[in-house]
Structure formats: structure tokens, C-alpha cells
Amino acid sequence: MQVLTAPRPLAEVTSALNHWIEVDIDAMEANFRTLQGVVGASEVIPVVKANAYGHGAAGVLRILEGAGVYRVAVAWLSEALALREQGVRCQIVVLEHIFPAQAPDVVRFRIAVTAHSREVVDALGAEAVRQSSVANVHIKVDTGLHRFGLGVSDAMDLAEYARTVPGVFVQGLWTHMANADEVDDSFSDEQEAMFHSALRRLSWIPVVHAANSATLLRREGLRFNAVRTGIALYGIIPENTPDPGLQPVLSLKARVARVSVVEAGEGVSYGLAWRAPVDSLVALVPVGYADGWRRSLGNRGTVLIGGRRCRMVGRVCMDQFIVDITGLSVTEGDEVVLIGSQGNESQTAEEVAELTGTIAWETLAGLGSRVPRLYHRGGMVELVDGL
Ligand SMILES: *Cc1c(COP(=O)(O)O)cnc(C)c1O
């Protein structure tokens, strides 16, 4: 990642780029402040797994550290180590499974981890003692999602055991809701009750977190003293969830690579799966399924060119796809918006997700790493990653 000491206009930085992602620093900071305002005294733990939901973990961490974030969460130790390698200094919590053999890295790079067995706790303690350090451990209670974690009584036993192991500090207790953004989220009541039964005996654990974005926005009683927020930080409101005034953060853009004429009856792209019904003008857009623009969008999706919605035609290739621009005046190098706004039109990540039969989480997390990320404030680029 590169920090521009003199910010440069987006138009200038992108003038010779085939495709790029724009991350709006002001919007992300505003979302962080808005969510902090919602939860009051609780700590907002941004979830930055999966390359910060496609936004680019290095750039996002720089923004968050600038905004005063204390701690972030990732799924895997490998993600935490990559962040440390990029110079991230804030606390990092690993939410998912680790092996005892990973203890040396956990301790050396001061990562807090979720421990699920005595073997893991013992390995962490031994390593922390060897390195004259402390291993921060979180215990996850499985309250009904049946994903990672321990049942209530096993979680209580492990927490109390870990408390006695030299070199180990039990920092956190957490759980995760199954039906956070369902119309009927009443199962959260059962999970809450089960979590409380663990919490009652483990009230000595300092950091308690149970809410993701939807839960923190819908259920005040599940905010405890910390919340883990991913999608809301990136400006997307989960279904059935009130919007506290979040702003979209990410845009995916490209520049037209070729404009060509396709005569009536001729086809485009693999399989010639679309044939021009009349003499047509088409534009080639240099983003493909390798970049996360799903193949199932072929012949169905749209993009914005010149402030107009244009229909994708033919199959999406690994690196590019084609759109129908018949009747429009488009030239090579014109800007194409795949996610974001242009003129009075916009296309959201939620719309793209819906078209591909998935959710915005998958659409964003699937954005490929070969697309450069540009971090800007009001159109002035401050950070670039992947250029
Ligand atoms: C991904 C994840 C989150 C963040 O969820 P959002 O819905 O994006 O806020 C929180 N907690 C856990 C355990 C997760 O896996």
C-alpha cells in the first residue's frame, strides 16, 4: 500500500486504469462514528475478515486506526498475521479455529485468539511463558448456531481452567446469533438466555461480545460491552434492520476497453450466447468473474455508462464482459460503474447480490485481489493499494 503525501484527484489516478475499486474514507469514518453513537459506551470492534469484505484490509485498517479504533476482528490467524505484516498495531482478535501448533505465532505477534480446547490453552500458556509474554484468550459459547464454539458447560469449564494457566489471560467471552437479520429473530431470545447462563458464572471476564451488525442495530440487550460489526461499517444495512444513517463506502468501476458494431444475428462472447436482434453497438468492460463479477450475471446484469443503465449481453468471461450500448454515444476509456453511482443512476451491492442469488456479504467479499483499491476523501486519493 502506498500513501500519497499529496492527494491526487480520482480522475487523474484512474485515467489509465482498466478497473479499480474506490473506497470513500469519509463514508467509512462516518459509519464508524454512527455505529459508535448507536452503541454508546460499548466498544465497536470492526470485522475486517476476507480482506475487509473486499475493501482491502490494509487500507481499511489505516482508516480505522486513524479513526481511533482499539481492536478489530478477523476469522483466521493467517489474516491476523498478514495485518501485523502490514504494520497494523491495534489489537486483533481471531474468531475461528486455531491449532495448538500456531501458539508461537499467536504470542509473538500479540494476537488474541478464540480457544476451544485445553490443548490450545496449554500450548498458548507454555508459549507465552517461554516468550515472557501473555496470550489473550476469548471463549466462544455456542448458543445454538452450531458453528464454532463450546456448549455452555464446556465453555464455563474451559474459561475457568484457562484462568489458572500461567501465561494465559481470559480477555473475552462471546457468542454469535443465528437469526440476526431474519424477520423473526425471536431465537435470539433463547440464545441470549443461554449466553447469560454462562455469563453469570464468568462475570470476571472483561470483554463480552455477542452482536453482529444486525443484532447491534436491532437488540440493545445484546450489545454488552463490545459489538462486532462488519457489513454495517461498509454501509450496508442487513435485511429487517433499521438504518441509523449509514453511507455506502465502496464503488467498483472500469473503463470501456472497446466499442464495436455487432450486426443483426451475430453473437458475442463464449458460446455466442447472445445474438444481436438488430444491428447493435456493444462495449467491452474489463472486469470478469476472476474479479468477483459473477458469471451468472451474463445476459442478466446491468452496469452504468454515461449515467445510463446498460444491459450485459453474452457470457461473463474470466477477465471481461460485454454490454449493449446501442443508441448511446460511448468511446474507449469511458467510465463504467458496476457498483456505485454515476449521474443520477446508481447500482448497489445489494442489487448485484440479489441478481446473483446471494447476499451483499458474498458480493463484496468476492471482489478479486487484482483490482487496485483507491482510498479517497471527496474524490482526492490518499492511499492506493495494488497499483
Ligand atoms: C462475520 C462475522 C461478524 C460480522 O457480521 P456482520 O453481519 O457483517 O456485521 C461478526 N461475528 C462473527 C463471528 C462473524 O463471523
_Between helix 25-39 and the chain, what is the angle of the helix's C-alpha long axis to the longest principal axis, kept within 0 to 90° and rounded to the nearest 10?_
40 degrees
*At ALA178 and ASP334, where each label point lies 7 Å from the Cα along Cα→Cβ, what is the point-to-point distance in nanometres?*
5.1 nm
*Can you give the charge dipole size of the chain about its Cα centre, rounded to the nearest 20 debye, using +1 on the beta carbon of Lys and Arg and -1 on the beta carbon of Asp and Glu?*
760 debye
*Based on the Cβ-Cβ distance from ASP154 to CYS90, what FRET efficiency comes out when R0 is 41 Å, to the nearest 0.05?*
0.85
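Determine, from the Cβ-Cβ distance of VAL129 and PHE109 and an R0 of 22 Å, the FRET efficiency 1/(1 + (r/R0)^6), rounded to the nearest 0.05. Before the final figure, lay out the partial values.
On the way: r = 17 Å, r/R0 = 0.77.
The calculated FRET efficiency here is 0.85.
Given a 1.4 angstrom probe, what's the average accessible area per residue across the stretch 154-214, in square angstrom?
For the stretch 154-214, the solvent-accessible area averages 42 Å² per residue.
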_Can you tell me the orientation of helix 57-66 relative to the chain, as the angle in degrees between its alpha-carbon axis and the longest Cα principal axis, to the nearest 10?_
60 degrees
*Rounded to the nearest 0.05, what FRET efficiency do ALA11 and TRP76 give with R0 = 35 Å and r taken as the Cβ-Cβ distance? Could you check?*
0.40
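What whole-number value in Å² describes the accessible area per residue of the stretch 1-153 for a 1.4 Å probe?
Numbers: 6340 Å² over 153 residues.
Accessible area per residue: 41 Å².
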*Which angle between 0 and 90 degrees, to the nearest 10, do you get for helix 118-130 versus the longest principal axis of the chain when only C-alpha atoms count?*
80 degrees
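Using a 1.4 Å probe, what is the accessible area per residue for the stretch 315-387, in Å²? Mind dumping the intermediate values first?
Values: 3280 Å² over 73 residues.
Dividing the accessible area of the stretch 315-387 by its residue count gives 45 Å².
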_the stretch 190-229 shape via C-alpha gyration tensor axes, a/c threshold 1.5_ = oblate
*Say a site is exposed when it is one of the chymotrypsin sites (Phe, Trp or Tyr not before Pro), sits in a DSSP loop, and has at most 13 other Cβ atoms within 10 Å; what is then the longest site-free stretch of the chain?*
205-387
*Considering only protein heavy atoms, with the full assembly of protein chains and a 1.4 angstrom probe, order ARG218, ARG309, ARG147 by accessible area, largest first.*
ARG147, ARG309, ARG218
*What percentage of the solvent-accessible surface of the chain, computed with a 1.4 Å probe over protein heavy atoms, is contributed by carbon and sulfur atoms?*
49 percent
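The values are calculated or read from the model by the stated rules, or taken from the named source; none is laboratory data. Small disclaimer: the values here were computed from a predicted structure and weren't measured. Every residue, glycine among them, receives a Cβ derived from its backbone with ideal geometry; neighbour counts consider all protein chains shown. When the accessible area is computed, the model is the full protein with side chains, heavy atoms only, and any ligands, DNA or RNA have been set aside. Shrake-Rupley method; radii C 1.70, N 1.55, O 1.52, S 1.80 Å.
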